[in-house]
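What follows is a single structure, written as structure tokens, with notes after it.
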Amino acid sequence: MGQAREPKTETEEDTQNRGALWETLKSLLFILGTAILATIAVRNSVNPYIHKIWGASHDFWGELWNRVYDMFGRNDHLAHHLGSALSSIIYFVVFNAVFLFCDITGKPSWLLKYKVQEGKNEPVDQKKLWSCIRTSAFNLLVVSPVFTLVLYPMALALGSYHKGQLPTFERLLVEFVVFTLVEEVMFYYSHRLLHSPRFYAKYHKKHHEWTAPIGITSIYCTPLEMVCSNLLPSIMGPMIMQSHIFVAWIWIALVIFSTTLAHGGYHVPFLFSPEAHDYHHKTFNCWFGTIGILDKLHKTDKPFCGSIQEVRHYVSFSLTPVKELHPDPADRLATASCTKVE
């Protein structure tokens, strides 16, 4: 008879991992519970004002939608295919224009002080830039419209992209929360998969040629990555929620704006922080999501945690650059040494 196997004992690391997972879940439950209670508490007092403000805004957006719909002759196919393609192109060009102009010319000079990786892309390498422009243009002008064309039958089957009245304020909030969570889940896992040895070299290495990214590198990638890690995560939320096509366009504008800032290389006051994703491009091995929930859950934020970039990772409301508010430890030591010498 074979010897009985000894039961495996739980290691200290297993205990810590389980504890970290439980702490993360407790934090999520606390945040969700607080949000629900706060919503219930203020609903009756604030609701009339919200409806009054949203009512006027709703009329504005509703009228704007009707004008846009009229531009396409109230043709659903034209609005979906041409409208979606044109809106994405306009968003991408407009959001990237200022950053790209500064990357090429170094003007306006005041923007340079907000560079995340100081001294990088000042100015940007012209050969790399034109390669990036060609690839990004192909993804924007070919891959994305073809994807939209192929996706349309599925969207209709799910009842998405209806052209009726715009949603209520409460419905809009719910939809945007769902959009954010769906994008986080789909982007995180598709992104981690692209970083696996089996897929990285062939499908994702191209995107990581830029260790100090600029705005347009957000879609500098292979067509497979463009579809699986950029387009699908951003559009599945509106499809699942059967959202109005105009709401989907607004959401896509926010997605493009957010990813432009994440890759832009500038930590500009009052705008989303790019520190986490910039750190990902610099180190390759952490922060695979968009808002950090799944990175915290799977502990793929570990290298980022405790870094000076984590300290700077917040929306700044000061005109002083965050790298001056929170200087590198080496800079602090150098400053202290100089002070002692003096």
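The values are calculated or read from the model by the stated rules, or taken from the named source; none is laboratory data. In this text the structure is predicted, and so the values were computed from the model without any measurement. Quick reminder, even Gly has a Cβ in these numbers, built from the backbone with ideal geometry, and neighbours come from all protein chains shown. Just the protein is used for accessible areas: all its heavy atoms, side chains included, with ligands, DNA and RNA removed. Shrake-Rupley method; radii C 1.70, N 1.55, O 1.52, S 1.80 Å.
Across region 200-222, the number of residues qualifying as of a type in the set (A, V, I, L, M, F, W, C) and open to solvent by 60 Å² or more (accessible area, probe 1.4 Å) comes to 1.
When you look at Ser229, is it open to solvent by less than 40 Å² (accessible area, probe 1.4 Å) and in contact (Cβ under 8 Å) with a residue 24 or more places away in the chain, yes or no? Yes, satisfied.
Scanning region 285-304 for residues that are without any contact (Cβ under 8 Å) to a residue 60 or more places away in the chain, among the hydrophobic types (A, V, I, L, M, F, W, C) and open to solvent by less than 20 Å² (accessible area, probe 1.4 Å) yields Cys286, Phe304. Evaluation of Leu111 against the conditions (1) modelled with pLDDT under 85; (2) open to solvent by less than 30 Å² (accessible area, probe 1.4 Å) shows that the sole unmet condition is (1). Based on this model, can you work out whether Thr180 counts as in contact with a His (Cβ under 6 Å, 6 or more places away or on another chain) and at pLDDT below 95? For Thr180, the condition - in contact with a His (Cβ under 6 Å, 6 or more places away or on another chain) and at pLDDT below 95 - is not met.
Against the test of being touching a residue at least 40 places away in the same chain (Cβ under 8 Å) and either assigned to a helix (DSSP H, G or I) or more than 24 Å from Trp130 (Cβ to Cβ) (or both), the options Ile216, Ile250 yield a single qualifying residue, Ile216. Of all residue pairs spaced 6 or more apart or on separate chains, those with beta-carbon atoms under 7 Å, a first member in region 120-149 that is modelled with pLDDT under 95 and a second member that is hydroxyl-bearing (Ser, Thr, Tyr) and surrounded by 14 or more Cβ atoms within 10 Å (Cβ to Cβ) are Thr148/Ser84.
Okay, residues lined up against (1) closer than 12 Å to Met236 by Cα; (2) within 24 Å of the chain's Cα centre (by Cα); (3) not in a helix (DSSP H, G or I):
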residue	(1), (2), (3)
Pro145	no, yes, no
Gly164	no, no, yes
Leu173	no, yes, no
Val178	yes, yes, no
Val182	yes, yes, no
Tyr189	no, yes, no
Arg192	no, yes, no
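Do we have any residue at all in region 124-132 that's over 14 Å from Tyr266 (Cβ atoms), open to solvent by less than 50 Å² (accessible area, probe 1.4 Å) and of a type in the set (Gly, Ala, Ser)? Within region 124-132, one or more residues are over 14 Å from Tyr266 (Cβ atoms), open to solvent by less than 50 Å² (accessible area, probe 1.4 Å) and of a type in the set (Gly, Ala, Ser). From the list Tyr91, Tyr152, the lone residue that is at pLDDT below 90, assigned to a helix (DSSP H, G or I), under 20 Å from Ile252 (Cα atoms) and of a type in the set (Ser, Thr, Tyr) is Tyr152.
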